[in-house]
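Every read-out reported here was derived from the displayed coordinates using simple, explicitly stated rules and does not represent laboratory data. The structure displayed is predicted, hence computed values, not measured ones. Note that we place each Cβ from the backbone using ideal geometry, even for glycine, and neighbour counts take in every protein chain shown.
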Amino acid sequence: MKTSLIIEQPRLQTIIQEMGWASVTLVFWAIYFYLWMPLLTLIAWYVSLNLFNVHLIELKGYQSFLELLKYYLVVIIGLGVLLIGWAKIEHFRFSKKTGRLKQKVISLDEIAKYYHVPAHTLTSLRAARIINVHFAENGSISHFVKVNFSEKEPISHLCGAAIINPHA
């Protein structure tokens, strides 16, 4: 089993970061729905109100529509029951599996031992805001770049970077 080299901990995001990404997602969904508007307009022109009036009002098509609506309702309820049933079966099948259980907490010493880095180095890296980690072929950390800058400085002035070799 090959382990991932990416350390992902979304719980460490601030509320501002979470709200920012949620806003970006919302904006792109709005753009996506906006792109469908020309097609919906074209369909509305094709169908038009006159066609609706002729088929549903004058030819009494609403009666067959109401009968067809009953079948649609049965199909929708059936699909809902199938979907909920399938979800419950999957929940019972996989509720005891490893992926659903709480993951164990790994100590700082275990992480340091795994990546062949001194524990005090990892402690100082945790305090850093930006770190660029480089991995060797065997999966250990070859070196990393710790970027230091104050919050008042713009990010374009990242001249305080220091390359640190953990094996030195």
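Computed from label points 7 Å out along Cα-Cβ, the spacing between ASP109 and THR123 is 1.3 nm.
Of the GluC sites (Glu not before Pro) found in segment 1-86, those that fall in a DSSP loop while having at most 16 other beta-carbon atoms within 10 Å are GLU8.
Show me the ranking of peptides 39-46, 131-138 by mean Cβ neighbours inside 10 Å, starting with the highest.
Working: 39-46: 9.2, 131-138: 11.0.
Averaged packing, sorted descending, gives the order 131-138, 39-46.
Structural descriptor for segment 1-149: relative contact order 11 percent, calculated from alpha carbon pairs under 8 angstrom and at least 6 residues apart. By the gyration tensor of its Cα atoms, with a ≥ b ≥ c the square roots of the eigenvalues, what is the shape of segment 1-151: rounded for a/c under 1.5, prolate for a/b over b/c, or oblate? It comes out prolate by the Cα gyration axes. For HIS143, the amide hydrogen comes within under 5 Å of the amide hydrogens of HIS134, counting only partners 5 or more places away or on other chains and with H modelled in the peptide plane. On the basis of the beta-carbon distance and an R0 of 22 Å, ILE76 and TRP36 show a calculated FRET efficiency of 0.45. Let a ≥ b ≥ c be the square roots of the eigenvalues of the Cα gyration tensor of segment 1-89; is it rounded (a/c under 1.5), or, if not, prolate (a/b larger than b/c) or oblate? The shape class here is oblate.
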